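Please read the structure below before turning to the comments.
The values are calculated or read from the model by the stated rules, or taken from the named source; none is laboratory data. Only a predicted model underlies this, so the values are computations on that prediction, with no experimental measurement involved. Cβ coordinates were reconstructed from backbone atoms using ideal geometry, including for glycine residues, and neighbour counts include every protein chain displayed. The accessibility values were calculated without ligands, DNA or RNA, using every heavy atom of the protein model including side chains. Shrake-Rupley method; radii C 1.70, N 1.55, O 1.52, S 1.80 Å.
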Amino acid sequence: MIKTIKLKDAVGMKLAHDITEIRPGEFKGAAFHKGHTVCNEDLCRLQKLGKNHLYLIDLEADEIHENEAAIIMAESLAGKGVVWENEPREGKISLVAEKDGLLYVETAALAAVNMIEEVMCATLHNHTLVKKDEVVAATRSIPLVMKRTPVERAAAIAGQNGGVVSVLPLRKAKAGLIITGNEVYHGLIEDRFAPILTRKLTGMGCEVDHIIFAPDDTEMIRQAVCTHIERGCDLILLSGGMSVDPDDVTRKGIRRAGANEMHYGAAALPGAMFLVAYIDKVPLIGVPACGLHHRTTVLDLVLPRILTGEKIGKKELSFLGHGGLCQDCPECTYPHCAFGKGN
C-alpha cells in the first residue's frame, strides 16, 4: 500500500525510493537515496526538485518494492560471464561483462520477459564484442511498488536457460592461412590478403602459425589444408577461389581434404560467397574476394562467434540476413553501425 503525504509532514520519515535529480548536460542521478531520513534542511532542495509530496509505503505480503524486484530480475537474467552489484540505483541494476568476450543474448527469452507487465530488461545487440566491466544490460521494475507474482514469473522465464545475457571469451586459436590464386602464386600480383587476415586474427588474440600460398589447383589446396592440420592448427582461413568462376576450386580442395560438413553462402553483403566447413572439430573459413575491398565483411560477424566455440551452420548464416546489408559508408564506423545487428 502506498500513502501520499505532504512534504511538510515528511520530516523524520525514511524515503521509500531514490529521488532523482537532473541537471541537463551536468548530472543525472540520485539526490537522495532510499532509506534517507528527511530533515528540515532537505525540504527546500526537495521542493526545487519538484517534490511537494512523498510516498509512505507499507507493503502487503504479495507486494514488492522496485529495488527488490530489480535484484530478483538481475539474478535471473545474468548468465555466464555476466556480473552485477546488489546496489540498485533509482530502482535499476546494471549487468556488466565479467571479462572481455562476445555477448550472447537469448532474444526470445528477452522478449518473453518484456511481455510481462511492469518489468523490463534492455541489452546491447546480440553478438557484440564487449570489454570487461562494460554494461551489457540493465533491468528494473517500472512502478515503485508492484505485485510479486509478475516479477517471479519474469524471473522464472529469464532463468530457465541459465540466464538471458552471457559473455563468452574468445579462444586464442592457432590459425593457418591459405592464400589461393594463380596470379598470386606465380608472382603476377602482390598478395594483399595475408596481411588483412593476419591483422583480423591477431586483433582477436589469435596466433597465425603458418601461411601457405597455393594456385587454383584442387590437390595443392587439399595438401595445404592437411599441412595446417598436421601442424596442429585449430582454425584455417582460406582466401579467394569462392566465386562461380571455373578456376575457383577452393571448395573442392576443402572437400577433398576431408571436410565432413560444408556451408557455402551467407545472407550478408559484402560476403555472400562466404564458406564455413569443418574437418572433425577444426573450422575452416573461406573468405571471398570482397575481403580485399571492404574493411568490414561477413567475416567480422562470424569469426568472433567461431572463436567462442559456437558451431556455425546453415541456420546461423541464414539469420545474418536481418541487418546483414552493409551500407558501404564512405568512412566505415563498424561496429558502431547497423551492420550485423539484426541477428
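Here are some notes:
- For region 248-311, a crude dipole built from +1 on the beta carbon of Lys and Arg and -1 on the beta carbon of Asp and Glu, taken about the Cα centre, is about 140 debye to the nearest 20.
- Share of alpha-carbon pairs per 10 Å distance bin for the chain, given as whole %: 5, 21, 24, 18, 13, 10, 7, 3, 1
- Dipole magnitude (debye, nearest 20) for region 45-105, charges at Cβ of Lys, Arg, Asp, Glu: 480 debye
- Calculated over region 113-202: convex hull of Cα atoms, volume per residue (Å³): 156 Å³
- With a threshold of 21 Å on the Cα-Cα distance, the over-threshold entries among Lys3/Lys147; Lys132/Lys281; Lys28/Lys131; Lys6/Lys34; Lys314/Lys341; Lys3/Lys28 are Lys132/Lys281; Lys28/Lys131; Lys3/Lys28.
- Projecting the Cα atoms of Thr107, Thr139, Leu124 onto the dipole axis of the chain, where Lys and Arg carry +1 and Asp and Glu carry -1 at the beta carbon, places Thr139 farthest toward the positive end.
- Our coupling estimate for region 282-292, obtained by passing each phi through the Karplus curve with A = 6.51, B = -1.76, C = 1.60 and θ = phi - 60°, is 8, x, 10, 10, x, 9, x, 4, 4, x, 7 Hz, Gly and Pro reported as x.
- Here is the list for region 133-194: GluC sites (Glu not before Pro) lying in DSSP coil, each with at most 13 other C-beta atoms within 10 angstrom of its C-beta, are Glu190.
- Within the same chain, aspartates and glutamates fewer than 8 places from Lys14 are excluded, and of the rest, those with a Cα less than 14 Å from its Cα are Asp42, Asp58.
- Rounded to the nearest 20 debye, the dipole magnitude of the chain is 340 debye, with +1 charges on Lys and Arg beta carbons, -1 on Asp and Glu beta carbons, and the Cα centre as origin.
- Per-residue ³J(HN,Hα) for region 263-273, Karplus 6.51 cos²θ - 1.76 cosθ + 1.60, θ = phi - 60°, Hz, x for Gly and Pro: 10, 10, x, 10, 7, 8, 9, x, x, 4, 8
- Computed over the chain, the per-residue total of -39500 (n - 2.57) for DSSP H runs of n ≥ 4 gives a 222 nm mean residue ellipticity of -7500 deg cm²/dmol, rounded to 500.
- Plainly put, region 276-329 has a radius of gyration that is 0.97 times its Kirkwood radius, both from alpha-carbon atoms, as the Rg/Rh ratio.
- Carbon/sulfur fraction of accessible area - the chain, other protein chains in place, 1.4 Å, %: 52 percent
- Over the chain, relative contact order from alpha-carbon pairs under 8 Å, at least 6 apart, %: 12 percent
- Per-residue accessible area (protein heavy atoms, 1.4 Å probe) orders Lys311, Lys131, Lys80 as Lys80, Lys131, Lys311, starting from the largest.
- Convex hull volume per residue in cubic angstrom - Cα atoms of region 226-336: 111 Å³
- For region 206-312, GluC sites (Glu not before Pro) are listed when DSSP marks them as loop and at most 12 other Cβ atoms sit within 10 Å of their Cβ; the list is empty.
- Summing charges over all other residues whose Cβ lies under 12 Å from the Cβ of Ile196, with Lys and Arg as +1 and Asp and Glu as -1, gives +2.
- Span from the region 248-322 Cα centroid across to the region 1-44 one, whole angstrom: 56 Å
- Directionally averaged projected area (convex hull, Cα atoms, region 202-258), nm²: 4.2 nm²
- For region 95-151, a Kirkwood hydrodynamic radius built from all Cα pairs, placed in the Stokes-Einstein relation at 4 °C and 1.567 mPa s, yields a translational diffusion coefficient of 104 µm²/s.
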